[in-house]
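Single-structure report; data block below.
The values are calculated or read from the model by the stated rules, or taken from the named source; none is laboratory data. Not measured: the values here are computed from a predicted model. Heads up, the Cβs are rebuilt from the backbone with ideal geometry, glycines too, and the neighbour counts pull from every protein chain shown.
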Amino acid sequence: MRLRPLTEDRPQALIHVSGKPISEYQLEWLSGVGEIDEVTFACGYKWEKLREHFGTGFKGMTIDYSVEGEPLGTGGAIRKALAKSDELVVAMNSDILTDLPLAKMVSAHRQSGEMTASMLVVPYRSRFGVVKIDKLRMVRGFDEKPAFPDVWINGGVYVLNAKRLLKYLPEKGDIERETFPKLVSHGELLSFPHYGEWRFMDSLKDLKELEAEVKPSA
């Protein structure tokens, strides 16, 4: 809704950023890891457009589509997409671009032992400028959209042990609200902090800012 009219004829994953769909940047990033040989789009709205664009493969990776008949939420969508998997998988939101060293995140998850999931966390960056005032209420300066290095937010990239995770995933509902709190209570959710590039596309304003940073497609 927040990206209309751009989403009137295509899903969010096919919105162009500097000349090509945001999902193409994501697939190029995933292909650079080396271990990823299959990608599944958890999709519903105008999913046929995705199939028309990517078909069954991209840069050596097999492309598949897990199609929802009705919105299942992030947890239900991941559950449906992982129904036949018992391996280590990477899941990510469709609206982010990052230079996260994914191979290192996967390695850290493996070294953790029997951890069910790992979550990318990035420093919180204010969407507003901060006004600095003193005890006399005098304005002493401004900080445009500062980052807070000790405050972390969910970065929308996860390494998941599919077999262990399945029992925590809802048939319909969000992984953020229904699954992650359960993993926290069982000590089964690891974080992977990243201070590098991380951008999201949640609105037309975000898209404009993203295009100012991403080089045009060749």
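Taking the conditions exactly as written (of a type in the set (Asp, Glu) and under 21 Å from the mean Cα position of the chain (by Cα)), does Glu87 satisfy them or not? It is true that Glu87 is of a type in the set (Asp, Glu) and under 21 Å from the mean Cα position of the chain (by Cα). Cβ separations smaller than 9 Å between residues 6+ apart or across chains give the following pairs from the range 131-152 residues that are under 18 Å from Glu197 (Cβ atoms) to residues that are charged (D, E, K, R) and in a loop (DSSP other than H, G, I, E, B): Lys145/Arg127.
Is it the case that Lys84 is surrounded by 15 or more Cβ atoms within 10 Å (Cβ to Cβ) and of a type in the set (Lys, Arg)?
Judged against the criteria, Lys84 is not a match.
Would you check if there is a residue in the range 157-175 being free of Cβ contacts under 8 Å to residues at least 40 places away in the same chain and farther than 30 Å from Lys80 by Cα? No.
The residue that is modelled with the lowest pLDDT, counting only those in the range 171-218 that are under 14 Å from Leu97 (Cα atoms) and in contact with a Gly (Cβ under 8 Å, 6 or more places away or on another chain), is Phe200.
From Ser107, Ser23, Ser112, which residue is polar (S, T, N, Q) and out of contact with any Leu (no Cβ under 8 Å at 6 or more places or on another chain)?
From the options Ser107, Ser23, Ser112, the qualifying one is Ser107.
Are any of the residues in the range 148-157 under 23 Å from Val106 (Cα atoms) and in contact with a helix residue (DSSP H, G or I) (Cβ under 9 Å, 6 or more places away or on another chain)? Checking the range 148-157: at least one residue is under 23 Å from Val106 (Cα atoms) and in contact with a helix residue (DSSP H, G or I) (Cβ under 9 Å, 6 or more places away or on another chain).
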